[in-house]
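Worksheet for the structure shown next.
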Amino acid sequence: MRVLQVLAVSKILTSHLSRTHRPSASRQMSTAASSLKKSPIFRTLGLIGGKWIDAYDAKTIQVNNPSTGEIIAEVPFMGTLETNDAISSASDAFNSWSKLTAAERSKYLRKWYDLIMAHKEELGQLITLEQGKPLKDALGEVNYGASFIEFFAEEAKRIYGDIIPATLGDRRLFVLKQPVGVVGAITPWNFPLAMITRKVGPALACGCTVVVKPSELTPLTALATAELALQAGIPPGVINVVMGNATKIGDALLASTQVRKITFTGSTAVGKKLMAGAAETVKRVSLELGGNAPCIVFDDADLDVAVKGTLAAKFRNSGQTCVCANRIIVQEGIYEKFAEAFSKAVQNLQVGDGFTEGVVQGPLINEAAVQKVETFIQDAMSKGAKILLGGKRHSLGMTFYEPTIVTDVKSEMLLASEEVFGPVAPILRFKTEDEAIHMANNTKAGLAAYIFTTNVQRTWRVSEALEYGLVGVNEGIISTEVAPFGGVKQSGLGREGSKYGIDEYLEVKYVCLGDMNRS
């Protein structure tokens, strides 16, 4: 009872604090918006062949600030015709871009990286305006996104082939790695900069050209990043950006024989459709799809480390990442103690718009996202779960939702079986290590997983047993440009980042050179 009273008082104070800071933040947000619109990197048109263009039928779509609902800008609502022209532009540019030396492409990418970092503040503010994440997190995304450009600027010079010992004396056998061709890159709204650079960086490094289709909810960051690519001297047509009618753009990318690869980050449902569509022209496909990440806390875990790591894994970006902890699976010996400590940490999370000092959780992206969270909560409550903290819309209104903890969660509840994509932490109970592994693996998803334990032997056993592409041990933030990112099962195909990520954009060609002994 005492804990619940403390939580109630804390929520009142947090709500009051958010309200009292909001006018000042709104002024700061308005100032940032006005300043950005005067910036040379602020673009509201599509990019095809190095030219900024409207939709051919002049249709537009609004870009809104999720914190306030205000219209930030209008961008072209493009479709088939514009996408086909973007593909043609990328195909033309491929002929020259792919023939540059690796060192030349590396210099372009390095210049692009330098310009992104030089405009870090503006890009961070733009992310906060259109996506809603706190400015500190937005600036972190700029660093993270830029790191892929920097990494692949160097990796461009390390695309090596092989010499194979020949079976006959008059022959020489060797292997070349060459760019796959034009790439269609379809990116989500939750990381509007990093999801682009993680795909475009390696594509450009090995000589591919790209047509980027950013989310219609967050296109401005993509356009600003593309503007900086032009300023870096990357030739017209190497990077093209179209947005608008997602179905028509996607269909055009799939139907084109000039597009040789599709790379996509988003839902599993859409990924399956893209995979099926790519079969018609036998395109390469890289898919980074949905997750249902387990976060396993063993009895022997360091409680402070487990709470800190789980907090980061769950509530980053308001729970709107595919690697967010979706199921917190806690061993029965530490269950009550963990739930209490975790609640104390979560109740201190300040909610508000991203320009407010101290805010760590912004709004959800739109009303549909809030309604999905509400559906999951209602389902859990109807099946016996209990709300320990939060559980409703925030007093700030719009799409703000209270940081929420739900206990007594069972595997048959939506919170345990599907990705909530919101600031809701369901806590499940387990007895044995084998039971934890079974619970964790009992899903079609296989992107990220987290474990907290001080037992070294258990670390190895459980890490190897988990059916996931990424595993964090005693750590909640594990993404980095130098390590491969991707999932197994229905969480996708292929890897992004690291030396493994560039292989997704390369073809392997075997050459047999005969008549070596002929005089």
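Screening residue 188 on (1) open to solvent by less than 10 Å² (accessible area, probe 1.4 Å); (2) within 14 Å of the chain's Cα centre (by Cα); (3) over 18 Å from residue 52 (Cβ atoms) shows it passes everything except condition (1). Across the range 26-49, a minimum of one residue is classified as at pLDDT 95 or above and of a type in the set (Gly, Ala, Ser). Are any of the residues in the range 337-359 in contact with an Asp or Glu (Cβ under 6 Å, 6 or more places away or on another chain) and either under 19 Å from residue 414 (Cβ atoms) or in a loop (DSSP other than H, G, I, E, B) (or both)? There is no residue in the range 337-359 that is in contact with an Asp or Glu (Cβ under 6 Å, 6 or more places away or on another chain) and either under 19 Å from residue 414 (Cβ atoms) or in a loop (DSSP other than H, G, I, E, B) (or both).
Table: residues versus (1) touching a helix residue (DSSP H, G or I) at 6+ places or on another chain (Cβ under 8 Å); (2) free of Cβ contacts under 8 Å to residues at least 12 places away in the same chain.
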{"residue": "364", "(1), (2)": "yes, no"}
{"residue": "369", "(1), (2)": "no, no"}
{"residue": "373", "(1), (2)": "no, no"}
{"residue": "378", "(1), (2)": "no, yes"}
{"residue": "381", "(1), (2)": "no, yes"}
{"residue": "388", "(1), (2)": "yes, no"}
{"residue": "391", "(1), (2)": "yes, no"}
{"residue": "397", "(1), (2)": "no, yes"}
{"residue": "403", "(1), (2)": "yes, no"}
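Only one of the numbered conditions (1) buried (at least 20 other Cβ atoms within 10 Å of the Cβ); (2) among the hydrophobic types (A, V, I, L, M, F, W, C); (3) touching a strand residue (DSSP E or B) at 6+ places or on another chain (Cβ under 7 Å) is not met by residue 275, and that is (1). Quick check on residue 156: is it open to solvent by less than 50 Å² (accessible area, probe 1.4 Å), out of contact with any Gly (no Cβ under 6 Å at 6 or more places or on another chain) and under 25 Å from residue 234 (Cβ atoms)? So residue 156 passes the test.
Taking the range 303-321 as the search range and keeping residues that are open to solvent by 20 Å² or more (accessible area, probe 1.4 Å) and either in contact (Cβ under 8 Å) with a residue 40 or more places away in the chain or touching a strand residue (DSSP E or B) at 6+ places or on another chain (Cβ under 9 Å) (or both), which one is nearest to residue 423 (Cα to Cα)? Out of the qualifying residues, it is 316. Figure legend. Inter-residue proximity from the range 487-509: first residues over 17 Å from residue 178 (Cβ atoms), second residues open to solvent by 10 Å² or more (accessible area, probe 1.4 Å) and part of a helix (DSSP H, G or I), beta-carbon distance below 6 Å, spacing 6+ or different chains. Indicated pairs: 490/268; 494/504. Can you list residue pairs whose Cβ atoms sit under 6 Å apart, with the first residue in the range 408-433 being on the phi > 0 side of the Ramachandran plot and the second being crowded, with 18+ Cβ neighbours inside 10 Å and at pLDDT 95 or above? Count only pairs 6 or more apart in sequence or on different chains. Filtered contacts from the range 408-433: 408/385; 421/320. Kindly check whether there is at least one residue in the range 63-79 that is of a type outside the set (Gly, Ala, Ser), modelled with pLDDT under 90, surrounded by 13 or more Cβ atoms within 10 Å (Cβ to Cβ) and in contact with a helix residue (DSSP H, G or I) (Cβ under 9 Å, 6 or more places away or on another chain). No: zero hits. Against the list (1) of a type in the set (Val, Ile, Thr); (2) surrounded by 24 or more Cβ atoms within 10 Å (Cβ to Cβ); (3) free of Cβ contacts under 8 Å to residues at least 60 places away in the same chain, the condition residue 334 fails is (2). Residues that are within 18 Å of residue 314 (Cβ to Cβ) and either crowded, with 17+ Cβ neighbours inside 10 Å or of a type in the set (D, E, K, R) (or both) within the range 474-490 comprise 475, 476, 478, 479, listed in sequence order.
The values are calculated or read from the model by the stated rules, or taken from the named source; none is laboratory data. Model, not experiment: these values are computed from the prediction. Methodologically, a virtual Cβ is constructed for each residue, glycine included, from the backbone with ideal geometry; neighbour enumeration extends over all protein chains shown. For the accessible areas, the whole protein counts, side chains as well, though only heavy atoms, and no ligand, DNA or RNA atoms are used. Shrake-Rupley method; radii C 1.70, N 1.55, O 1.52, S 1.80 Å.
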